[in-house]
Amino acid sequence: MIPLDAGALPHGPAMRLIVKIVTLGEDRITCCCRIPLKFPWAGSGALPAYMAVEGVAQAAGLLAAGPVPGESTLKGLAGESPQGYLVRIREAEFSSTDLDPQGTWTATAVMAGRSGKVVLCRGEAWQAGALLLRARFALYLESSGQSR
Amino acid sequence: MTSARTGGSEKEAALPDLDSVGVSLANYEESKVLCRATFLLPCHAALFRDHFPGQPLMPAIGLLYLCDWMIRRWRGGNVRIATLRRVRFTEPVRPDVRLEIELTWRGSQRLSMVARSESGEHGSGELCILAIPRQEAEHS
C-alpha cells in the first residue's frame, strides 16, 4: 500500500472516494475506494454504477500528478484546489450491477497519453468481482504535474 | 427500490430524489422525442458538497445524475444509462445557476444531451439507455 498524502486530493471528505492506493506504476494506478457517509447521493441504498466515475477520475488525477521523486508519499494534486477537471468521457460502459455504498471497490486508471495540460486515461471500476464501469477519460490539469 | 447488492442481477438502483441533493425543478416538459428540464442549483445544494471546498463545482456525476433523473421520469423508472458514447464537460457548473438539460431521442435507445445555462454550454454528448425487464424493476 502506498500512503496517500492527506492533501493529495483537493476534494473535501464527502467527495474523497479514494481511501488508499493499492498499486502505483509509471502509467497505472489502482486505488481502493469507498462511498463516504456524507456523499451527496448516499442514503438511498445501491447507487447507479456511473457514480464510480468520480473514483476513477480521482485515481486518474493522482496518476497524472505522479509521485515526487524521493518522497515516500504520493502528493497528488495537493496545493491550491481544484487543480484538475474531468473534461471528457468516451466509450463508457456501465454495468447493470449497482454500486454498493457499504462496500469497498477499486478504481484503476491507465495513462493513455498526454497533450499539454490534457491527460488521457483508460479507467475501470470493480466491486466484488463485478465490473462497474469501463471508459476513456480526459482530464485537464491546471498544473502540469510533478515530474512526469 | 434496491437497497442491497444484487450479485450482478439487473435490478434498478434507487435514485435519490432531487430534494435530497438540494436541487429543485423549475421547469419540465417532454414529448415523444424531446425532454427538457430546468434545475435550480443553489449554493447550499448537497451536490456541491466538498467538490471543492472553497471553490464549489458540480461534479461530472452530478450531470449524469440529473440526466438519469430525467430519463427515468421520461422513459420510465425501469430505464438506466448503459453507455456514454462521448460526453464533453465544456464548462464547470457553479452554484446558483439555472441549468437546462435537453435530451433528444435519436432512436435505437440513443439520446443526445445538451446542458446549458445563461453562461453558456456546460456539457453535451451521446448516451444509450437500457430498459430493465419490468418484472425485475418492480421487485427492486
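Some values worked out for this structure:
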| item | result |
| --- | --- |
| The range B:1-47 - residue that is acidic (Asp, Glu) and at pLDDT 70 or above and, of those, farthest from B:LEU111 (Cα to Cα) | B:ASP19 |
| Boolean, A:LEU4 is more than 24 Å from B:ASP17 (Cβ to Cβ) and either at pLDDT 95 or above or touching a helix residue (DSSP H, G or I) at 6+ places or on another chain (Cβ under 7 Å) (or both) | no |
| Pair list, Cβ under 7 Å, 6 or more apart: the range A:48-63 residue more than 7 Å from chain B (Cβ to nearest Cβ), other residue of a type in the set (Ser, Thr, Tyr) | A:ALA49/A:SER95; A:ALA49/A:THR97; A:ALA59/A:THR108 |
| Candidate set from the range A:10-36 (those that are touching a helix residue (DSSP H, G or I) at 6+ places or on another chain (Cβ under 8 Å), under 27 Å from B:LEU15 (Cα atoms) and not in a strand (DSSP E or B)); member that is modelled with the lowest pLDDT | A:HIS11 |
| Top-ranked residue in the range B:78-91 [being part of a strand (DSSP E or B) and crowded, with 17+ Cβ neighbours inside 10 Å; ranked as farthest from the other protein chains (Cβ to nearest Cβ)] | B:VAL79 |
| Residue satisfying condition, being surrounded by 18 or more Cβ atoms within 10 Å (Cβ to Cβ), touching a Phe, Trp or Tyr at 6+ places or on another chain (Cβ under 8 Å) and touching a residue at least 60 places away in the same chain (Cβ under 8 Å), within set B:LEU64, B:LEU47, B:LEU103, B:LEU111 | B:LEU103 |
| Hits in the range B:31-77 - residues which are charged (D, E, K, R), assigned to a loop (DSSP other than H, G, I, E, B) and away from every other protein chain (no Cβ under 11 Å) | B:LYS32 |
| B:ARG94, sole failed condition from (1) more than 7 Å from chain A (Cβ to nearest Cβ); (2) closer than 23 Å to B:GLU30 by Cβ | (2) |
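The values are calculated or read from the model by the stated rules, or taken from the named source; none is laboratory data. Quick caveat: nothing in here was measured; it's all calculated off a predicted structure. For neighbour counting, all protein chains shown are included, and Cβ atoms are generated from backbone atoms with ideal geometry for every residue, glycine included.
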